[in-house]
Amino acid sequence: MMPAQIHRPLGARLLLLLFIGILALGALPPRAASAALSQSELDNTIVQFSRGYFQRTALGSLQKVVPQPKLPDKAGAVQLGPIGLLKQWTDSPFDLKKSLTLMGATAVGNRVYVIGGSTWNATSQTYQSVAEVWSAAVNQVTGAFIEDWQPEPALIKVQGSNQSAYGLSPAVAEINSPAVTSVPVTGGGGFIYVIGGNTSQPSSTVDFSSFGVRIGIVGVDGRITGWMIGPSLPTSQPGSPNLQLGAQAASAQSITINGTTYVYVIGGMRKYRAGTGASIRSISEAMKAVFYAKVGADGQLLKPSTGTFGWDTLADLPVQGAPGLYSATSVADHYEVTLGGASQDVLFVVGGQTSPGDPQGSPPTSPTYSSLAYRALINANGSLAWDTTWQGTLPQTRHGLGGATYRGSLYMVGGIPDGGSEPDQGVLTSYVEDTMKLHQFNEQLPPDIQGGGTNFLKSNALRFPRAFHGTAIVPTSGTVVGSAFIYVFGGRGDTTDLNKEDDNGSTSVFYGLIGGSEDTASTGYAADAWYFSKPYDINYTGAQVQEVSWATLIDRSTADPDIEMWYRISSAGNCSNPGWSEADWKRLDGSADSHYSGDGQNSTGVGNLAARCLQYRAHLLTNNYKVTPALLNVSITIVVPGNPDLNLKSFSGRYNTNTQAFLGLNVVIQNVNIANPNQTLPANFEQGGSFFVDLCIYGPNPSSWPAPTLPMSDANHQCSKVFADLNKNLFPAKAAYLIPDAAWKDTLTEQPVDIKKYFKDPGTYKVIVATDSYDLIGEGASGEGNNVSVAQTVTVTSLGWQVLIPIARH
């Protein structure tokens, strides 16, 4: 018998069954009498791979027919991360509600926010700061906006300075050039931090840098429920520690380390008034100062040193030959240092302006700009250790840019190059190597790509020239190829081009897909990269890992790519805290030559290792940046103590309570390991599908009732009269199932049949129940021994039928 959903003549069914049996025997080693074997899929689809940790790797949609597969391959793969520049940008149908520049921007969940900024007043021919906050939700599959911009509660008024020249009151809400970052909260929502910025008192033409801090409270729906005041930045005028100044155009970042989240404010410019009487003038100074605070449970900012309200001061930015840095961009992320190292959190500060210049000074000075990338290692307590021996370089100086980091790569968009006054369409990218340094590009680059000999590639691929714009990043849903969407909001355009609408700010919104829209044809892939799976809970007590298998797509016709696979195991009861270390990794070798993986199916036996938790990592390598290997799927073979055990739980005839006429059978099959109930495994443990229950029916008044010898077959049904085809999924461990009357089929015709057909004459009948009659489930020695029941007795005096009478409504 074959599953009822497949209809074939008996001869064809027999051949197919024998073929499947031969394949199964050839693919699996013999089962132990008290254990079951299972090929367990770890990762095979885009969604499954997306649950891991990517470092310079990216998702792919490859699907390949793998020779002699352990698992049928599905659409989804891991490959080297593209280092190509984002070429494809999409315009949003929802523009900003007014032209803006110098605003803050961030994202929480699938919602993006634009905060404050400057807007051009055509009547007065001046820029005016705003306190408005807008948000919109985006689709994490397509990146498209799913709604128009929604107004959020405006920024609250805060005091921005204690310098008497500006007046201590009233407080001001309007702000431009703030440092903005956000912190998500598990379960949804989070906090938005709007730090410092440039402001002025009402009716005043004097602007200054603010020390005010505002904290937005984001609900689980992504909407801002309100604002609270955070601790002021501890900036001060040189020589006047009691005279607190602010910071504008600073950079802000947040990162969580060992369960504690920290917010950093880096550099910036302080603008204040100095002198008296006719000699009073505005001073603008670049800053090196770095402050940090930890995020409390309510979102408030606390000193890491004491846990009290406020900021702590860290070592200055290592800017040499200049007073400070502002209008730069910073990114921070967690990176895995592999092959004997330890994980590391790193912060990079890229580009910016080092001095505003002073044309009225004595002597006059010109503005200066940075083409450097500074690196700080983040310590376990959140403090920063600036690297004074290594600095990355850009192809040119660049300030007023936006930036983001994701899965080991850095993306920089827009900005003003070469110390000029006009922005360009620059898109820059780099990636972080295992040394925690940015890759240096020494490859032969196409003519339209800059960056050879520096740490960033650059092309003019942005939709429009932009500077002083907003930038935010939203991860994809994990169901599509690509890792995140990067958004560009507003900003100033090139005043010398034909587009005059963005000369003083823009309403434009456009976005690109990271990990899916890069120009890999020109710039290719990272030289090597890592993928770390999530920890897997094997979820069976006493389980042993017998083999690790992985399928690949590796083309060595023009290059020599490879995939180096590693695994580690733990017997911890909680796989969210398995207690393993870097030293626990063990390398696998699936290739007979000098490589670690061959094209197609790879597998390595690991010797029946006791394990509850397992994690694997893949090191992808290539010697040609135009060629990437791909990891298609990963599975493990596990041996688990115990077995499924399908057997008869109860049997009885069903009768009319008044006439005692025979109506049918109550046959209850259970999955209970009789030898050891606590070692019962699901019926589908080894593989899905179905199995058969056959009834041998003798009578009426039989003189003998010989039991069948299992397994039955299509060539020899033995004594079977009827059978039921039952899905294995109906039988998890210790489950019981009553076979419905409609499930019974005639053994010879394989057509549904009324069970009463076999009990039409009065008398006593004997029924033997054969469970898993074709031996399609490995049940161990004891389980196989109870598949044939003792003879059950059914007494029939007359036949009856249940008639359902419709209920008439009057």
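In debye, nearest 20: dipole of the stretch 150-288 around its Cα centre with unit charges on the Cβ of K, R (+) and D, E (-)?
280 debye
Where in the stretch 597-653 are there trypsin sites (Lys or Arg not before Pro) that are in a DSSP coil and have at most 16 other Cβ atoms within 10 angstrom of their Cβ?
Qualifying residues, ordered by number: LYS626.
Taking the chain as the reference, fit the longest principal axis to its C-alpha atoms, fit the long axis of helix 10-27 to the helix C-alpha atoms, and give the angle between the two in degrees, 0 to 90, nearest 10.
So the inclination is approximately 50 degrees.
Of the heavy-atom accessible surface of the stretch 514-583 (probe 1.4 angstrom), what whole percent is carbon and sulfur?
Summing carbon and sulfur atoms, their accessible area is 44 percent of the total for the stretch 514-583.
Farthest toward the dipole's positive end in the chain, which of THR45, SER279, MET436, given Cβ charges of +1 (Lys, Arg) and -1 (Asp, Glu) about the Cα centre?
With unit charges placed on the Cβ atoms, the residue in question is THR45.
Which pairs, out of LYS586/LYS626; LYS98/LYS157; LYS98/LYS294; LYS734/LYS757; LYS64/LYS734, put more than 27 Å between their alpha-carbon atoms?
Over 27 Å Cα-Cα: LYS586/LYS626; LYS98/LYS294; LYS734/LYS757; LYS64/LYS734.
So what's the net charge close to LYS534: Lys and Arg +1, Asp and Glu -1, counting the other residues with Cβ under 12 Å from its Cβ?
So the environment of LYS534 carries a net charge of 0.
Relative contact order, percent, of the stretch 300-403 when contacts are C-alpha pairs under 8 Å separated by at least 6 residues?
24 percent
Given Cα pairs under 8 Å that are at least 6 residues apart, what percent is the relative contact order of the stretch 150-286?
21 percent
Within 15 Å, Cβ to Cβ, of VAL158, how many net charges do the neighbouring residues add up to if Lys/Arg are +1 and Asp/Glu are -1?
With Lys, Arg at +1 and Asp, Glu at -1, the net is +1.
Based on the Cα gyration tensor of the stretch 268-324, what are the three equivalent ellipsoid semi-axes, each the root of five times an eigenvalue, rounded to whole Å and given largest first?
Equivalent ellipsoid semi-axes, largest first: 31, 17, 8 Å.
Roll a 1.4 Å probe over the protein chains and send me the accessible area per residue for the chain in Å².
41 Å²
What relative contact order, as a whole-number percentage, does the chain give when Cα pairs under 8 Å and 6 or more residues apart are counted?
13 percent
State to the nearest 20 debye the size of the charge dipole of the chain about its Cα centre, where the only charges are +1 on K and R beta carbons and -1 on D and E beta carbons.
1500 debye
Among (1) 0.95; (2) 2.25; (3) 1.26, which is the computed Cα Rg over 2.2 N^0.38 Å?
(3)
Taking the Cβ of ILE229 as the centre, find all other residues whose Cβ is under 15 Å away and add up their charges (Lys, Arg: +1; Asp, Glu: -1).
+1
Rounded, prolate or oblate: which one fits the stretch 665-762, using the alpha carbon gyration tensor with axes a ≥ b ≥ c (rounded when a/c is under 1.5, else prolate when a/b beats b/c, else oblate)?
The shape class here is prolate.
Which residue, THR771, LEU401, TYR525, has the largest displacement toward the positive end of the dipole of the chain when charges sit on each Cβ (Lys, Arg +1; Asp, Glu -1)?
Of the options given, the answer is THR771.
Could you work out what % of the accessible surface of the stretch 333-446 is carbon and sulfur, using a 1.4 angstrom probe and leaving DNA, RNA and ligands out of the count?
On the stretch 333-446, the fraction of accessible area on carbon and sulfur atoms equals 47 percent.
Can you pull the percent of the stretch 629-698's accessible area that's carbon plus sulfur, 1.4 Å probe, other chains left in place?
47 percent
How much of the DSSP beta bridge set in the chain is antiparallel, as a percent to the nearest 5?
100 percent
State the answer as a single residue: which of ALA137, ASN671, ILE224 lies farthest towards the positive end of the charge dipole of the chain, with beta carbon charges of +1 for Lys and Arg and -1 for Asp and Glu, about the Cα centre.
Going by the charge dipole, the pick is ASN671.
The values are calculated or read from the model by the stated rules, or taken from the named source; none is laboratory data. Since the model is a prediction, treat every value here as computed from it, not as a measurement. Please note: Cβ atoms are built from the backbone with ideal geometry, for glycine as well, and neighbour counts cover all protein chains shown. Side chains included, ligands, DNA and RNA excluded: accessible areas come from the protein's heavy atoms. Shrake-Rupley method; radii C 1.70, N 1.55, O 1.52, S 1.80 Å.
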